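One structure is given here, and the rest of the page talks about it.
The values are calculated or read from the model by the stated rules, or taken from the named source; none is laboratory data. Please read these numbers as outputs of a predicted model, since none were measured by experiment. Here the Cβ positions follow ideal geometry from the backbone for every residue, glycine too, while neighbour counts run over all protein chains shown.
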């Protein structure tokens, strides 16, 4: 199944980072230091992401990140507190990119079109950000568990979809039920296929997209059929 224009629009925006504050608005030394710190944090997180993808979790050490950035290990410890803090920042950065990707889906009143777009946005985020996705959902860094604040942020992303589903139910556009269960079913469906794709279980590039398109159609057809009963 080919991607339509809506899907392609979501893909390109999902690969963009949230921009840094406009440098023209920086008027104090404190603001300049804050921006420099944020740029260093992003560079460290991006470097860790690339190392994870190219060399595996063993490469994610404070010393290696400092070496790649040509800075002291003290800088990395100050920013992240250590390896676990860096791993948590990878998780949070991936979460920010996922939220951005889902946020690009237009607020339409057609539940089929909305949920299809959400499914594709999640898929395209996973394919475009395999190292971040692996940290978030694939156990890419052994023994890492995100902190409670990061877990809460993940649930908040899903809650935005739940809220839209509840809106559809209130308007009679889909059958009344548990919107959280529907959102999690959609998440599970796309996550499973994306994980198989990233693990190399499809013989050609189109197989994963074809399976996802078929599965989304089947799930949404069931929702609409329940509405009509």
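Is it fair to say residue 78 is more than 17 Å from residue 149 (Cβ to Cβ), free of Cβ contacts under 8 Å to residues at least 24 places away in the same chain, surrounded by fewer than 20 Cβ atoms within 10 Å (Cβ to Cβ) and within 24 Å of the chain's Cα centre (by Cα)?
Working: more than 17 Å from residue 149 (Cβ to Cβ): yes; free of Cβ contacts under 8 Å to residues at least 24 places away in the same chain: yes; surrounded by fewer than 20 Cβ atoms within 10 Å (Cβ to Cβ): yes; within 24 Å of the chain's Cα centre (by Cα): no.
When the stated conditions are applied, residue 78 does not pass them.
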**Message:** Looking at (1) in contact with a helix residue (DSSP H, G or I) (Cβ under 6 Å, 6 or more places away or on another chain); (2) under 19 Å from residue 94 (Cα atoms), which one does residue 162 not meet, given that it meets all the others?
**Reply:** (2)
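Can you tell me which residue among 144, 168 is modelled with pLDDT under 90 and either touching a strand residue (DSSP E or B) at 6+ places or on another chain (Cβ under 6 Å) or farther than 21 Å from residue 100 by Cβ (or both)? Outline the logic, then answer.
Working: 168 fails: modelled with pLDDT under 90.
One residue alone meets the criteria, 144.
This table checks each residue for (1) touching a helix residue (DSSP H, G or I) at 6+ places or on another chain (Cβ under 8 Å); (2) over 29 Å from residue 88 (Cα atoms); (3) at pLDDT 90 or above.
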position	(1), (2), (3)
150	yes, no, no
157	yes, no, no
175	yes, yes, no
180	yes, no, yes
201	no, no, yes
214	no, yes, yes
